[in-house]
Amino acid sequence: MEVNLVAPDKIVFSAKDISMVSVPGIEGNMGIMDKHIPIITFLRPGIIKVEGKEKNNFFVISGVIDFKDNKLNILSDSIYETNKIDSKKLTELKEEAINKINKNKLNDQDVYLTSTLINELDNFNFR
Amino acid sequence: MPSLKDLRNRITSVKSTQKITKAMKMVAAAKLRKAQENAEKSRFYSEKMNEIIINLKNSITDMSSAPRLLTGNESNEKHLCVVMTADRGLCGGFNTNICKKSREFMNKLLMNGKELKIITVGSKSYDQLRRIYGKYIIEKISFKNQKKIKVSDANLISNKIISMFYDREFDICTIFYSKFKSVISQEPVEQQIIPVKNDDLIKNNQIDLVQYEYEPDEQEILNNLLPKNISTQILKGLLENAASEQGARMSAMDNASRNAGDLIEKLTINYNRSRQAVITKELIEIISGAETL
C-alpha cells in the first residue's frame, strides 16, 4: 500500500510498497495492512511505525488517518521523525504539555490526550 | 526643449530606477521559488482535509445534531469577510485584484441588506478597504515583521474566527486570497469556509465518495476536525498568497525594467540628437562668422 505522512507545510514521508503501519489510534493501537477497509480515525500521542523495506518511526501528538483505495494518508500538524528529535525538543514539548494541563480548563478528552503525551514523552527513548 | 543637462539627469535617474527594479525582480525570483514550493507542499494537506470533511458531511444522516461549523446557523444574515493580501506593494495588480474581488462580493451583500464584518489580513487590504468599508472592519492582522508564515499564524486567525462564530457574531465566513496558478498568472478567489460548502466539488466529480468506517463516530471526528480544517484553509490561503505576491512582483518588476530600458533608449537618442544639433549650430555660427569677414 501507499503511505503518505503529511504536515501542513510539507510531506514528511511518502512511500509505496509498505507492508504494515501501526498507529496509536484514539481508541487503541491499530495495525493497518494491505487492503484494509476504508477508515477515518484520530491519533493520540504516540509512535507511528511504518514497515516496508526499511522501518521508519515517527512521533505524533495528534492527527487524522484516512485509508482508502489502498492509500494511507496521515495528516498531522505535529509529526516528528524519531531519529531527528532531540532531547531539547522533548523537554520543550513536555513543558508545553504540562503548561496546557495546568493552565486551561480542559475537557476529559483533552486531559487524557495531554497526559498520554506526557507519558509518551517520558518513555521516549530514541527508538 | 530640454537642455542637454536635463536629459543627462533624466537618463541617470531612469537608469538608477532600472537598477532598483532589476534588483527587486531578482529578489522576488529567489523568494518565489521558496514560496512556490511551500504553497505546493501545503496543497496536499488541505486537499486531503477537505476530502475527508466532505466525505464525513455526506455520511451524516442526522443533520440537526451535526456540528454548527459544518451546517452553519440557520440564518445567513451576518457575513464575515476575511480579506488576505500582502503587506508590501510594488507587485502589480496583486493586492488590488484581491480587494476588487472582495469589494464586488461585499457590495452584493450590502445591497441585499446583509450585515457585514471584515477582517483584513496584511496591511495592504486595510489600506485599500478602509476608505469605503472602514466602519465594517473589526480587526486588522498583519504579519509584516515576520519572514516566514507559520502554522501558528494561521491558527491565530482561525481561533479568532471560530470563537466569533460560537458567539454568533456571524453566520457565514468567506475568505479572499489569490490562488497561485503560475508565475505570470494569479487568480483572486473567494472561498466560503463556514459553513463548509461542497456542492461545487461533488458536481464536478472531483472527489469520489467512499463508504468509510469511522472510529470514534462521525460527530466526534467532525467536532475535532472542523476547527483544524479552518486553520488549514487559512494557512493554504496565506501560502498561496505569499507565492502569488512574489510571482506578481517578479512580472511587475520585469515589466518595469523593460519599460525603463525602452525609456533609456529613447532618451539617449534624444540626447544624442540634441548634442549633435548643438554642435551643428556652433559650426554654422563659426562658418557664417568666417564668411562675413
- Note on the structure: Beyond 25 Å (Cα-Cα) in this structure, taken from B:Lys19/B:Lys281; B:Lys25/B:Lys117; B:Lys41/B:Lys148, we find B:Lys19/B:Lys281; B:Lys25/B:Lys117
- Taking a label point 7 Å from the Cα of A:Asn83 along the Cα→Cβ vector, which residues of the stretch A:3-27 have an amide N closer than 14 Å to it? none
- Between B:Arg130, B:Arg273, B:Arg103, which gets the highest mean-square fluctuation from a Gaussian network model of chain B, Cα cutoff 10 Å? B:Arg273
- When each pair of different Cα atoms in the protein assembly as shown is counted once in the 1/r mean, what is the Kirkwood radius in angstroms, to one decimal? 25.0
- Query: What whole-number value in cubic angstrom gives the convex hull volume per residue for the C-alpha atoms of chain A?
  - Reply: 104
- Note on the structure: Most exposed to least, judged by fewest other Cβ atoms within 10 Å, B:Ile98, A:Ile48 sort to A:Ile48, B:Ile98
- Message: Over chain B, with a Gaussian network built from C-alpha contacts below 10 Å, which listed residue (B:Leu239, B:Leu90, B:Leu156) shows the highest mean-square fluctuation?
- Response: B:Leu156
- Task: Binning at 10 Å from 0, report for the stretch B:14-67 what percent of all alpha-carbon pair distances ends up in each bin.
- Result: 20, 22, 18, 16, 13, 9, 3
- Hey, can you rank B:144-151, B:164-171 by average C-beta count inside 10 Å, highest first? B:164-171, B:144-151
- Query: If you project the alpha carbons of chain B onto their three principal axes, what span does each projection cover, largest first, in Å?
  - Reply: 112, 38, 36
- Averaged over peptide A:9-21, how many Cβ atoms belonging to another chain are found within 10 Å of each residue's Cβ? 2
- Query: So what is the 222 nm mean residue ellipticity for the protein assembly as shown from helices alone, if each DSSP H run of at least 4 adds -39500 (n - 2.57) and you divide by all residues, rounding to the nearest 500 deg cm²/dmol?
  - Reply: -18500 deg cm²/dmol
- Item | Helix A:87-103 vs. chain A, principal-axis angle (Cα, 0 to 90°, nearest 10) | 60
- Shielding of A:71-77 by partners, i.e. mean partner chain Cβ atoms within 10 Å per residue? 4
- Past the 21 Å Cα-Cα mark, which pairs from B:Lys160/B:Lys181; A:Lys55/B:Lys228; B:Lys135/B:Lys228; B:Lys144/B:Lys197; A:Lys49/A:Lys71; B:Lys57/B:Lys228? B:Lys160/B:Lys181; A:Lys55/B:Lys228; B:Lys135/B:Lys228; B:Lys144/B:Lys197
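How would you rank B:Asp254, A:Asp17, going from fewest to most other Cβ atoms within 10 Å of each one's own Cβ?
Starting with the residue having the fewest Cβ neighbours, the order is A:Asp17, B:Asp254.
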- Item | Directionally averaged shadow of the stretch B:12-103, computed from the convex hull of its alpha-carbon atoms, nm² | 9.2
- Query: Which of the GluC sites (Glu not before Pro) found in the stretch A:1-67 are in a DSSP loop and have at most 11 neighbouring Cβ atoms, other than their own, within 10 Å?
  - Reply: A:Glu27, A:Glu54
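Bear in mind that the values in this text are calculations on the coordinates, not laboratory data. What you see is a predicted model, and the numbers here were worked out from it, not measured in a lab. Cβ: placed from backbone, ideal geometry, glycine included. Neighbour counts: every protein chain shown.
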